[in-house]
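This report refers to the structure that appears directly beneath it.
The values are calculated or read from the model by the stated rules, or taken from the named source; none is laboratory data. Computed from a predicted structure; not experimentally measured. Methodologically, a virtual Cβ is constructed for each residue, glycine included, from the backbone with ideal geometry; neighbour enumeration extends over all protein chains shown. Quick note on the areas: whole protein, heavy atoms, side chains included, nothing else; ligands and nucleic acids left out. Shrake-Rupley method; radii C 1.70, N 1.55, O 1.52, S 1.80 Å.
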Amino acid sequence: MAKEDQNNGDDPMQIDTNAPENHRINKVPEGSLTDYLRIYYRKLFPYTDMFKWLSYGTDGKHPSCDSSYFGKREFSFTLKSDRDEVYLRFQSFSSAKDLENSIREKNPIKMDIGSVYNVNPAKRHVYEQSGFFPVERELVFDIDITDYDDVRYCCSGADTCLDCWPLMTVAIKVIDTALREDFGFNHILWVYSGRRGVHCWVCDSRARKLKKEQRAAIADYLNVCKGGENSLKKVTLIGAVLHPSLARAYTDVLKHYFEDKLIYNQKLFEYEERFQKILQLIPDENVVSDLCDKWQNSRLEHVNSARWDQLKHTLQSGKKKTQGLARCVEEIIFTYTYPRLDIQVTKGMNHLLKAPFCIHPGTGRVCVPIDPENCEDFDPTAVPTLTQLLEELNKSASIGVENDLEKTSLGKSVQFFRKSFLEPLLKSCKEELESAYNAKIQQTKDSMNW
């Protein structure tokens, strides 16, 4: 905090308003990240909300509450030093205030959340002989748009735009529906990673208590695209009809997105190298040759939709349909649109995942929650940035607004987190605690009557 005080009498809230507009609103000026973060952590980071979430109702006065629960949770901090970055694992905290004090003191450029362990992770060395191991972990999913680089042409690597971001929208819609309808989970938090993907936290009590084998089974159930980045055929659909979960995804989400958006956004049939990749997914050389002959030097109007319609007609009609090629249409759509999961993240309990509301150090964007019911409206380019938030604080200071969070565009994201996710979750946790307590009381009474 000393660095913040050494400001020659200047207001530490003030930032360089003479910087170019694109730098002020988006990226943090070079060399200013740690200074900006000090203000963010002091004024805007929602410590109490994070504490309430990760306590799952154990911070109350109910007799069945485990007051040590939050203190067994691992946090990790990435710190910026003069020469390099310092990575601190196995941080733990006893309260919201303890968490706040540590974050404000250490000023991390990145925060990750890990498992709940059998003992306080900061004191793990004391328990080496008796064992140190995770006992609870949210069921998590990490979906990264770089895994779609073989099916998008507008961007590559960490870059994203509004033409390829809908691939993340599709992933949210498909996975969220499967988790709710196929597994019965209710308390699901989707969070923008700050740059190139989305994270999913399934926070139901039974999800947090899943064993590694059970997590692996769920991951495998949702994992349709398989094979490495150099694998051409990533999807093989088996059986006469699609599994009900896949049929729902195909009918409700994938087909519409592929035919109405992706083939146009990515110009999949305009260029030979692009449509050749699609044709390689068809196992019949005669069909491929026939389509290539039709498309060579053709001057079709609305070329993307016209060529896609020709491909579908060829594969789904007459003799070709009886030869089983009709399934190729579905496999092409699944290959280009179905969620691509990092299943190792989901299977393990030791994996750390970036905390909601932290700042992505590369883009300066806040890792805000995403509403799965309206995820098609989410625009990653419109997410609040660190520089933008401090600008908003500066402007509102002159008009006397008291609540710092409500002064900024981050306020809506925090309110959504509270109302749509946190409050229903804590209500459910309270009911579970009460139910477990009553069951224990009844068991005691029954044993005494015996």
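Laid out as a table, the results:
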{"read-out": "Where Rh is the Kirkwood radius over Cα pairs, Rg/Rh for the stretch 73-203", "value": "1.05"}
{"read-out": "Unit charges at the beta carbon, dipole of the chain: most positive-side option, S409, L426, A240", "value": "A240"}
{"read-out": "Rh by Kirkwood over Cα pairs, then Stokes-Einstein D for the chain at 0.890 mPa s and 25 °C, µm²/s", "value": "99"}
{"read-out": "Rounded to the nearest 10 Å², the accessible area of E392 at probe 1.4 Å", "value": "40"}
{"read-out": "The chain, relative contact order [Cα under 8 Å, separation at least 6], %", "value": "23"}
{"read-out": "Surface accessible to a 1.4 Å probe, I218 within the full protein complex, Å²", "value": "10"}
{"read-out": "Proximal aspartates and glutamates to K419, defined as alpha-carbon separation beneath 12 angstrom and excluding residues fewer than eight positions away on the same chain", "value": "D49, D371"}
{"read-out": "Residue-normalised accessible area of the chain, expressed per residue, 1.4 Å probe, Å²", "value": "50"}
{"read-out": "Restricting the stretch 267-349 to trypsin sites (Lys or Arg not before Pro) in coil, as DSSP defines it, with at most 10 other Cβ within 10 Å", "value": "R299"}
{"read-out": "Solvent-accessible area of H243 with every protein chain in place, 1.4 Å probe, in Å² to the nearest 10", "value": "90"}
{"read-out": "HN-Hα J in Hz across the stretch 411-423 - Karplus 6.51, -1.76, 1.60, θ = phi - 60°, x for Gly and Pro", "value": "x, 5, 5, 5, 4, 4, 4, 5, 6, 8, 10, 5, 4"}
{"read-out": "Per-selection Rg to Rh, the stretch 183-278 - Cα, Kirkwood hydrodynamic radius", "value": "1.02"}
{"read-out": "Cross-link pairs K261/K312; K27/K226; K61/K440; K97/K123 - those with Cα-Cα distance over 27 Å", "value": "K27/K226"}
{"read-out": "Rg/Rg_ref, the stretch 343-393, where Rg_ref = 2.2 N^0.38 Å and atoms are Cα", "value": "1.42"}
{"read-out": "Apportionment of accessible area to carbon and sulfur, the chain, percent (1.4 Å)", "value": "47"}
